[in-house]
Amino acid sequence: MITIVDYKVGNLGSIQNMLKKIGSESIITSDPKAISSAKKLILPGVGSYDSGVNSLKKYKLWDVLNEKVLKEKTPVLGICLGMQLLCNSSEEGKETGLGWIDAEVIRFRPKDKKFKIPHMGWNYVHAKKASKLFQDMYEDPKFYFVHSYYVDARDDSSLAKATYEISFDAAVEKGNVLGTQFHPEKSHKFGMKLLDNFVQHY
């Protein structure tokens, strides 16, 4: 059973539908008690950094997530804004992130005007090291992105890169903490395989 954290910042049904396609049961919940008993967590999210941080706190999910991830070592997959919230802070806002990985969130500042912001659409992703998250992945994997800010990992958590004028961290992994800047639930067979790897191997 996968627990999808609902803190009112995005459409979570598409993630649940993709999990259903790979035969994985899931629940969508904002109940701290339900999250405290989770075996695996998905932290999705769209929108601004500060609103994400404040929503987690508003629904009393901040402390229970820290307990689950840092102390109990529950596997967690952050998606899009959810990955950015794993970091220390963001140029987009003033709030402090979860800080589970040593990384900052930086705004794209393209020098070439052909690189429009937000970065939106399909892009190739290249794994930097072996990981169960990309195990047996299809050749030349590409995923769907929608974002104006990117993660810059300062430690060894950088897992995969994509390029949009500059190279940036498309995925991170540090122990039980994983994140993807792209949307696996919108990335067809590539995203389905990645989510199946998260379900099966973590």
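Between Asn11 and Lys114, the contour length at 0.36 nm per residue exceeds the alpha carbon distance by 34.1 nm.
Note on Val46 and Ile22: the model spin-label points, each 7 Å out from Cα along the C-beta direction, lie 2.1 nm apart.
Taking R0 as 30 Å, what's the FRET efficiency between Ile106 and Asp140 from their Cβ-Cβ distance, rounded to 0.05?
Efficiency for this residue pair is about 0.65.
Counted by Cβ distance under 12 Å from Ser187, the other residues give a net charge of +3, where Lys and Arg count +1 and Asp and Glu count -1.
The alpha carbon gyration tensor of segment 116-156 gives principal lengths a ≥ b ≥ c with a/c of 1.5 or higher and a/b no greater than b/c, which makes the shape oblate.
Within 10 Å, Cβ to Cβ, of Leu12, how many net charges do the neighbouring residues add up to if Lys/Arg are +1 and Asp/Glu are -1? Overall, the nearby charge balance is -1.
Centroid-to-centroid, using Cα positions, segment 1-22 and segment 165-199 are 15 Å apart.
Taking other C-beta atoms within 10 Å as the exposure proxy, Ile79, Ile27 rank Ile27, Ile79 from fewest upward. Taken along its principal axes, the alpha carbon cloud of segment 120-183 reaches lengths of 29, 28, 17 Å, longest axis first.
Our analysis of segment 1-50 gives Rg over Rh at 0.97, with the two radii drawn from alpha carbon positions and Rh computed by the Kirkwood formula. Database remark: amide H of Lys40 closer than 5 angstrom to the amide H of Thr3 (H placed geometrically; neighbours at sequence offset of 5 or more, or on other chains; Pro and chain starts carry no H). Taking a quarter of the surface of the convex hull around the Cα atoms of the chain, what do you get in nm²? Here the figure is 10.1 nm², rounded to one decimal.
For the chain, what does the helix formula give at 222 nm: sum of -39500 (n - 2.57) over DSSP H segments with n ≥ 4, over the residue count, nearest 500 deg cm²/dmol?
-6000 deg cm²/dmol
Packing around the peptides 53-59, 2-8, 129-135, taken as the average count of other Cβ atoms within 10 Å per residue, puts them in this order, highest first: 2-8, 53-59, 129-135.
Each reported figure results from applying straightforward, stated rules to the coordinates on display, with no laboratory input. As the structure is a computational prediction, the values presented were derived from the model and not from experiment. With ideal geometry, Cβ positions are generated from the backbone for all residues, glycine too; neighbour counts draw on all protein chains shown.
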